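Some notes on the structure that comes next.
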């Protein structure tokens, strides 16, 4: 897989969270739905998520501009899943919104 | 655990990577060293990392300003470990630098 490379001026939404042990199947289904829901919003650039066995997870989404990031915040399914997250899945989270100044990438050269 | 909450104006360094299966023990040791090395730099605010079983990982560090983020980029141990990463551990990565505009957090209320 390769990550989307955000252009300068893109808006990054960083979601750092600590999961508890509740409702693993419901959580997994919702996480997959959220990735698809994000990708359907105009101005979507990319979404990447990772969670380790310690329960700490990070999701990064990149958006063309602030309006697109706000559309993601206000998306109805996303709002509903946020409510579920506070009711069930998360013990703690931090959301940061940041504007990209630069980005670069590296790929392993073919052998 | 609780995440550091970056103030507006902080600099976020986002490292998205795809690990291969090479040298798991060397990688784990270096990852722990990098977190400690970052925390020793003036202007460090916080560091969080997660990697899932699919090999996709995200590390987010927050810095008080651009100078602190550049000091992290130029830190000697960090530069050495980046070289190892390209030589051995990673198949692909993307680094983004972004300036925080706002952040908020949530904690589960006591039962």
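The values are calculated or read from the model by the stated rules, or taken from the named source; none is laboratory data. Note that the structure is predicted; figures quoted are calculated from it, not measured. FYI the Cβ positions are ideal-geometry reconstructions off the backbone, even for glycines, and counts take in every protein chain you see.
Among the residues of region A:1-53, the one identified as more than 12 Å from chain B (Cβ to nearest Cβ), crowded, with 17+ Cβ neighbours inside 10 Å and farther than 19 Å from residue A:82 by Cβ is A:43.
To keep it simple, each residue is scored yes or no on (1) farther than 27 Å from residue A:2 by Cβ; (2) part of a strand (DSSP E or B); (3) touching a helix residue (DSSP H, G or I) at 6+ places or on another chain (Cβ under 6 Å); (4) modelled with pLDDT under 95.
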residue: B:18; (1), (2), (3), (4): no, yes, no, no
residue: B:21; (1), (2), (3), (4): no, no, no, yes
residue: B:33; (1), (2), (3), (4): yes, no, no, yes
residue: B:36; (1), (2), (3), (4): yes, no, no, yes
residue: B:46; (1), (2), (3), (4): yes, yes, no, no
residue: B:49; (1), (2), (3), (4): no, yes, no, no
residue: B:57; (1), (2), (3), (4): no, yes, no, no
residue: B:61; (1), (2), (3), (4): no, yes, yes, no
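What is the residue count in region B:63-93 for residues that are in a helix (DSSP H, G or I), more than 22 Å from residue A:14 (Cβ to Cβ) and out of contact with any helix residue (DSSP H, G or I) (no Cβ under 6 Å at 6 or more places or on another chain)?
Selection size over region B:63-93: 9.
Considering region A:83-110 alone, what residues qualify as being free of Cβ contacts under 8 Å to residues at least 12 places away in the same chain and more than 18 Å from residue B:93 (Cβ to Cβ)? Result: A:83, A:86, A:87. Residues of region A:94-111 that are surrounded by 14 or more Cβ atoms within 10 Å (Cβ to Cβ) and either within 11 Å of residue A:15 (Cβ to Cβ) or out of contact with any strand residue (DSSP E or B) (no Cβ under 8 Å at 6 or more places or on another chain) (or both): A:94, A:95, A:96, A:97.
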